[in-house]
Amino acid sequence: CGGEISKNILKFYYSRGGRYIPAALKLFKAKTLAQLLYGSFLGPPALSFLPLERVQSSFLRTILQVPKCVPNSWIRLETGMLRVEARIHIISITKWLVGYTNHQGLFPLMLQDNFQSSWHKAVLKSLKMLGFSPQAILASGLEQAKSLIKQRVNDVERQMDIAKSPDFNSSDINRYSVSPAAYFYFLEVNNTRRAFTLARSSTLPSAVLEGRFKATPYHLRLCSCPLGEIDSTEHIFFNCLYHIKVREECIRPLLDRFPGRANKTKLAYLLSDRNHQTTWQVAKFCAQVYKQRKSSGIVF
């Protein structure tokens, strides 16, 4: 059912939704994610959450329009999403906290029973993995405990995804912020926004990208321009002879304050999405590069 709702959101996204990613993410959280999470926190601890993760990953990959070689961890970082399993842990611990503090219904009787359910054991294990003891988290009060659990899960998930995607580019200000990338909100033209996303994920059309699918050794993934360098994102931005004109128009004025800096440092700045005006100029460059590489018959 969650998968069907996800497909309906995608239909709306591509027709009347204007391909506006923040709106699509809000709809996914309100509709699909709520359906996926319904009752899931009561499942056995050995339950595989992979089918639920696939629904979310497929949706996010579709709206971002990135190749299959881009890892799910990078996509979650870009969209500010958590794994479905992490959200289930938050809900399970929250239900446990509410049951412990409200003392209503059958939950207090369950706690008095010598038998400890597998669900209860799983909750205590989750608390231990997050670095909390049951006594300490209960002593902090319900609202404070819920806030601590949510923040700790967000921090752990973000750090895990960053470790899996070391090339993820973000400013120091929002590197550990669980929120969608800022450019989703103001780059409303789909082609421009997508080209910037491809640049951030190092998947602009290139010999390097082709080599990933053809298993070409990295040192042989060369650009067909006269320089004959490895066709990396860094080469496309600063050296490729096919893009001299658009580079001078969009990129060169942004780098006047960085004389003598390494290209790697300059590329990190250009793709960091820390300034709207800079991001807009870089996105225009990426869109022109994408169009030129797709339409002019450049051979990789």
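The values are calculated or read from the model by the stated rules, or taken from the named source; none is laboratory data. Quick caveat, the model's predicted, so the values are computed rather than measured. Note that each Cβ is placed from the backbone with ideal geometry, even for glycine, and that neighbours are counted across all protein chains shown. Note: areas computed on protein heavy atoms with side chains; ligands, DNA, RNA excluded. Shrake-Rupley method; radii C 1.70, N 1.55, O 1.52, S 1.80 Å.
Odds and ends about this structure:
- Here the 3J(HN,Hα) profile of the range 144-150, calculated from phi with Karplus coefficients 6.51, -1.76 and 1.60 at θ = phi - 60°, is 5, 5, 4, 5, 5, 5, 4 Hz, Gly and Pro shown as x.
- Between 0 and 90 degrees, the angle of helix 84-102 with respect to the longest Cα principal axis of the chain falls at about 30 degrees.
- The residue list Thr279, Leu187, Asn169 was ranked by how far each Cα lies along the charge dipole of the chain toward its positive end, using unit charges on Cβ atoms, and Leu187 comes out on top.
- Degrees between helix 276-295 axis and first principal axis of the chain (Cα, 0 to 90, nearest 10): 60
- Of the residues Gln135, Ile75, Phe213, the one whose Cα sits farthest toward the positive end of the charge dipole of the chain, with +1 on the Cβ of Lys and Arg and -1 on the Cβ of Asp and Glu, is Phe213.
- If only the Cβ of Lys and Arg carry +1 and only the Cβ of Asp and Glu carry -1, the dipole of the chain around its Cα centre is close to 500 debye.
- Difference of contour (0.36 nm per residue) and Cα-Cα distance, Glu249 to Ala268: 4.9 nm
- Of all accessible heavy-atom area on the chain, the percent that carbon and sulfur account for (1.4 Å): 55
- Inter-centroid distance (Cα atoms) of the range 80-139 relative to the range 200-228, Å: 49
- Overall form of the chain per C-alpha gyration tensor (a/c, 1.5; a/b vs b/c): prolate
- Taking every protein chain into account, the 1.4 Å probe leaves Val55 with about 30 Å² of accessible area, to the nearest ten.
- Scalar couplings 3J(HN,Hα) for the range 248-262, obtained by applying the Karplus form with A = 6.51, B = -1.76, C = 1.60 to θ = phi - 60°, are 5, 6, 9, 9, 4, x, 7, 10, 4, 8, 10, x, x, 6, 5 Hz; x denotes Gly and Pro.
- Once both labels are positioned 7 Å from their Cα atoms along Cα-to-Cβ, the gap between Phe115 and Lys128 label points is 2.2 nm.
- Summed side-chain charge close to Tyr38 - residues other than Tyr38 whose Cβ falls under 12 Å, Lys, Arg +1, Asp, Glu -1: +2
- Cα centre as origin, Lys/Arg/Asp/Glu Cβ charges: the range 164-236 dipole, Debye: 260
- Probe 1.4 Å - accessible area at Leu138, Å² to nearest ten: 50
- Translational D in µm²/s for the range 198-260 (Stokes-Einstein at 37 °C, 0.692 mPa s, Kirkwood Rh from C-alpha pairs): 261
- FRET E, pair Ala215, Lys11, Förster distance 30 Å, beta-carbon r, rounded to 0.05: 0.25
- Listed cross-link partners Lys245/Lys266; Lys125/Lys164; Lys128/Lys164; Lys150/Lys266; Lys7/Lys146 are compared with a 30 Å cut-off, the Cα-Cα value being larger for Lys150/Lys266; Lys7/Lys146.
- Overall form of the range 56-110 per C-alpha gyration tensor (a/c, 1.5; a/b vs b/c): prolate
- When +1 charges are put on Lys and Arg Cβ atoms and -1 charges on Asp and Glu Cβ atoms, the dipole computed for the range 48-104 relative to its Cα centre reaches about 80 debye.
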